[in-house]
1. Could you please tell me the mean projected area of the C-alpha convex hull for segment 81-181, averaged over all directions and given in square nanometres to one decimal?
2. Report Rg(Cα)/(2.2 N^0.38 Å) for segment 1-74, keeping two decimals.
3. If you build a Gaussian network model of the chain, linking Cα atoms that sit under 10 Å apart, which residue out of Gly91, Gly116, Gly57 swings the most?
4. Near Ala130, within a Cβ-to-Cβ distance under 11 Å, what is the net charge of the other residues, with Lys and Arg +1 and Asp and Glu -1?
5. Given an 8 Å cut-off on Cα distances and at least 6 residues of separation, report the relative contact order of the chain as a percent.
6. Need the full-extension length gain, Leu21 to Asp121, defined as separation in residues times 0.36 nm minus the C-alpha distance. One decimal, nm.
7. Based on DSSP H runs of at least 4 residues, each adding -39500 (n - 2.57), what is the mean residue ellipticity at 222 nm of the chain after dividing by all its residues, to the nearest 500 deg cm²/dmol?
8. Tell me, Kirkwood radius of the chain from alpha-carbon pair distances, in Å?
Amino acid sequence: MAQSPVTGARYSAGQRSLHWLIFACVLLAYVFINIKGWLPRGDAARAGMLEAHFAAGIAVLLLILPRLMLRLRRGTPAVTPVPPRPLQILGHMTHGLLYLFLVVQPVLGILAVELGGHAIDLPFGLVIPAFHTPGNAALAHSIREIHEDVGDIFYWVLGLHIVAALWHHLFRHDDTLRRML
Ligand code: HEM
Ligand code: HEM
């Protein structure tokens, strides 16, 4: 009878730390932008939430670079027991989409502000200066709309990813999730 290889291998410590750190930053980016939407216009806290959204998003962009390098160098550990081929393909496709999102979404956000001719105000008085003045309001608006649509679509992709991880653990009883803990 064919046996699945029992490797017990986990993602490397760096890959695990970066996965959960990036998860926290993405979560915060979503939380801050949603709170901003609930606050009344003109409220100082509303501007603060937008600044916090920018900071969380930029942190994602900074952290994704070492993460991609580690991914290229270390690859992924085998899952035990090995999932059926179609499930593996679905996993690879979702992970590819997530990596693309983690790079493209913050870049779109930065361009949405900068191409409008604005500086990026961050918490604690930090500022990334405007690099495209006087700015192109129409282009910035279009990019911002794409950024918002991508943000909305990825609620679903991130949801699928999280449900899949829990499903592997709770119902398939494989070590997909334990490899990332
Ligand atoms: C992974 C990182 C990021 C995620 C997940 C994300 C997600 C989102 C979401 C969900 C929205 C609101 C969409 C809506 O209202 O329907 C939004 C709005 C926005 N984001 Fe991001 N974002 C990220 C990074 C950034 C960065 C780095 C910047 C700029 C430095 C940025 C700038 C903006 C701007 C200007 C808006 C419009 C805010 C407004 O309502 O006035 N985002 N983002
Ligand atoms: C913002 C939220 C998240 C993002 C952007 C994200 C992103 C990713 C990416 C890009 C990978 C691919 C790793 C690789 O192949 O190198 C991955 C793997 C993984 N993630 Fe997440 N993740 C998020 C949240 C979560 C949560 C909340 C859980 C647990 C409930 C989770 C569990 C896992 C597991 C178990 C793997 C390994 C999958 C495998 O190797 O087949 N992730 N994640």
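No lab work stands behind these numbers, since they all come straight from the coordinates. This is a predicted model, so every value here is computed, not measured. All Cβ positions, glycine included, derive from the backbone under ideal geometry; neighbour counts span all protein chains shown.
1. Details: hull surface 34.5 nm².
Mean projected area for segment 81-181: 8.6 nm², to one decimal.
2. Working: Rg = 18.4 Å, N = 74, 2.2 N^0.38 = 11.3 Å.
Rg over 2.2 N^0.38 Å, computed on Cα atoms: 1.63.
3. Residue with maximal mean-square fluctuation among Gly91, Gly116, Gly57: Gly91.
4. Numbers: positive: none; negative: Glu114, Asp121.
Here the charged neighbours net out to -2.
5. Numbers: 195 pairs, mean separation 44.4, N = 181.
Dividing the mean separation by the residue count of the chain yields 25 percent.
6. Working: separation 100, 0.36 × 100 = 36.00 nm, distance 2.26 nm.
Fully extending the segment from Leu21 to Asp121 adds 33.7 nm.
7. On the way: 4 runs with 118 residues, N = 181.
Calculated mean residue ellipticity at 222 nm is -23500 deg cm²/dmol.
8. Details: mean 1/r = 0.0546 Å⁻¹.
Final number for the Kirkwood radius of the chain is 18.3 Å.
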